[in-house]
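The values are calculated or read from the model by the stated rules, or taken from the named source; none is laboratory data. As the structure is a prediction and not an experimental result, all values here were calculated from the model. With ideal geometry, Cβ positions are generated from the backbone for all residues, glycine too; neighbour counts draw on all protein chains shown.
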Amino acid sequence: MSAFIQEHGLLFGWLTVIGQILLFTIVLLLSLAFLLLMDRKVWASVMLRKGPNVVGPFGLMQSFADFGKFLLKEIIIPAGANKTVFLLAPILSLTLAFAAWAVIPVAPGWVVSDLNVGVLYLFAVSSLGVYGIIMGGWASNSKYPFLGSLRSAAQMVSYEVSIGLIIITVILLVGSMNLTEIVDNQAGGFWTWHVLSWNHFILFPVMLAMFVMFFVSALAETNRPPFDLPEAESELVAGYQVEYSSTPYLLFMIGEYLNIVLMCAMMTILFLGGWHGPIPLGEDFVANFPLWMVNLGHLVWFMLKVIFFFFLFALVKAVVPRYRYDQLMRIGWKIFLPTSLGAVVIVAGYVVYMGVQA
Amino acid sequence: MAAIVTISAICVIAAKNPVHSVLWLILSFFTSAGLMVLIGAEFLAMLLVVVYVGAVAVLFLFVVMMLDVDFVELKQGFLSYLPFGALIGLAFIAEIALATFARGTSAESFNPHPGAENNVEAIGQVMYTEYLLLFQLSGLILLVAMIGAIVLTLQHRPHVKRQSVAHQTQRRRSDAIRRVDVKSGEGL
């Protein structure tokens with residue numbers, strides 16, 4: 001970024017950066033509206049229902065109608081609530097959810113900030129997401145939200161550990177924490193994606209297992225079914241957001257869904273080759289097209305993969321029954337943690353003895 | 001940013017509500033990570049956020065929220081703790097001053113990644129060579145602390161019902177369900 005600013009002058013540089021951020025935000029919010037609809041549609045289809053189909057053609061405008069309704073409702077702040085923290089919590093969780101997207105590269109060079117500790121930044125920001133939940137639950141000054149937020153936080157903290165270790169295996173394999181380099185390491189077609197990693201043949205089962213574990217941990221980390229115990233709507237009075245209404249609740253919900261999409265994007269980048277298509281087209285063939293068209297193609301691949309993962313998230317929500325809390329903790333600490341630790345050792349050994357990195 | 005760090009650090013002590021002071025503490029951690037980014041040590045900054053803000057402070061917040069701390073009572077003991085606190089503060093300042101004088105204040109001594117391409121490599125190169133023993137020792141200390149905490153809190157109570165996962169998953173239909181022919185008017 002700083003090089004860009006030096007080239008084009010300070011004002012123009014800053015304007016471009018602000019423009020990029022705005023563009024990212026708007027595109028994200030718009031696509032989120034349709035992803036939300038997709039979530040509900042998939043869920044409905046599994047249950048042989050129609051899902052939202054009244055507002056607009058095929059119910060396409062449903063999310064926007066919901067949005068308007070949320071905004072027009074009255075904001076109710078409980079009398080005993082800690083007002084500042086109560087309102088700060090949803091703002092914090094939304095801000096953090098957006099902030100994480102700053103380092104996600106959607107196509108070659110199409111990224112707001114290409115940090116060289118990108119993965120670590122993602123991990124750091126997603127670990128901050130707990131605060132929105134704890135603050136919200138505590139500030140409501142009521143038992144149910146507080147208990148809900150404790151459950152949520154305990155769950156997120158537990159699964160962060162295994163997510164961190166799984167990320168380390170990928171970092172070891174690539175030898176860099178820069179997300180762009182991680183994606184480019186998987187450029188040679190679908191067999192070099194980290195899910196399969198057939199170019200490191202011995203690691204194939206390890207990385208496949210890591211991928212599955214990352215998917216499950218991502219479900220748990222975002223409090224999605226089958227790990228949605230914090231809010232289990234058929235069993236409890238929701239979770240940390242019981243006392244929230246109107247816009248603050250909307251902020252929480254958008255933050256939550258942004259985190260889900262972020263997890264999908266992370267899986268795409270870490271394991272499924274990011275913007276690269278499954279079969280490399282060859283330099284000569286690609287050179288026939290203008291750069292923007294190539295990048296657009298990359299963007300399409302990236303989005304397709306993210307949507308695929310989101311579809312999986314929605315499908316899991318529909319078909320898998322809810323876990324018990326002790327089972328959740330057992331999987332996190334007794335199975336995922338040792339397995340991913342072992343995988344880190346195996347991958348590290350492979351990297352050292354096979355001389356993968358220069 | 002330094003101003004925010006200082007103000008939030010003062011607020012940690014000044015805040016009446018213990019939860020608020022933890023939140024201020026988190027803000028000051030986070031801003032110090034920002035300061036580290038500004039001098040070019042991104043890796044340390046991210047680690048600070050992951051470890052302190054993301055894990056340690058969460059547990060802190062947990063404990064403070066769950067404990068019903070009477071802060072008025074704590075405030076009364078403030079003066080008696082003051083000399084001890086001041087001593088620790090002085091020790092910290094002395095350590096930082098010593099480190100600064102020992103290394104000098106030239107620009108080179110504050111280079112975030114001396115002799116390496118980025119600061120991840122720079123840290124790795126010294127941590128696993130020069131300071132290997134210290135690094136492993138600190139790991140060992142943490143392990144001892146962890147085991148100590150587990151030993152202190154682990155207590156086997158004899159009459160607690162426990163769930164055996166193996167037992168649960170091995171349960172079959174034939175173990176659980178019994179067909180009974182009930183004659184009408186008799187019951188079981």
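Pairs are defined by a Cβ separation below 6 Å, a sequence spacing of at least 6 or placement on different chains, a first member in region A:119-134 that is at the interface with chain B (Cβ under 7 Å from one of its Cβ atoms), and a second member that is outside any helix (DSSP H, G or I) and of a type outside the set (D, E, K, R); the pairs so defined are A:Leu120/A:Met177; A:Tyr121/A:Leu115. Scanning for something within 23 Å of A:Gly118 (Cβ to Cβ), facing chain A (nearest Cβ under 8 Å), touching an Asp or Glu at 6+ places or on another chain (Cβ under 9 Å) and surrounded by 19 or more Cβ atoms within 10 Å (Cβ to Cβ), does region B:51-61 turn up at least one residue? The answer is yes; a qualifying residue exists. Just so you know, in region A:103-115 the residues that are within 14 Å of chain B (Cβ to nearest Cβ) and crowded, with 19+ Cβ neighbours inside 10 Å include one that is modelled with the lowest pLDDT, and it is A:Leu115. Restricting the first member to region A:294-312 and to residues that are touching a residue at least 24 places away in the same chain (Cβ under 8 Å) and crowded, with 17+ Cβ neighbours inside 10 Å, and the second to residues that are outside any helix (DSSP H, G or I) and among the small types (Gly, Ala, Ser), the beta-carbon pairs closer than 6 Å and six or more apart or on different chains are A:Asn295/A:Ala107; A:His298/A:Ala107; A:Trp301/A:Gly277. Scanning region A:27-42 for residues that are under 25 Å from A:Trp110 (Cα atoms) and of a type outside the set (S, T, N, Q) yields A:Val27, A:Leu28, A:Leu29, A:Leu30, A:Leu32, A:Ala33, A:Phe34, A:Leu35, A:Leu36. Whether a residue is in contact with a helix residue (DSSP H, G or I) (Cβ under 8 Å, 6 or more places away or on another chain), surrounded by fewer than 23 Cβ atoms within 10 Å (Cβ to Cβ), among the small types (Gly, Ala, Ser) and assigned to a helix (DSSP H, G or I) was assessed, and A:Ala209 passes this test. Within region B:140-151, can one find any residue that is under 16 Å from the mean Cα position of the chain (by Cα) and within 14 Å of chain A (Cβ to nearest Cβ)? Among the residues of region B:140-151, at least one is under 16 Å from the mean Cα position of the chain (by Cα) and within 14 Å of chain A (Cβ to nearest Cβ), which makes the answer yes. Sub-7 Å Cβ pairs linking a first residue in region B:146-168 that is outside any loop (DSSP other than H, G, I, E, B) to a second residue that is modelled with pLDDT of 85 or more, at least 6 apart or interchain, are B:Val165/A:Arg330, ordered by first then second residue. Of A:Ala238, A:Ala187, A:Ala265, all but one fail to be of a type in the set (Gly, Ala, Ser), out of contact with any strand residue (DSSP E or B) (no Cβ under 9 Å at 6 or more places or on another chain) and crowded, with 21+ Cβ neighbours inside 10 Å; the exception is A:Ala265.
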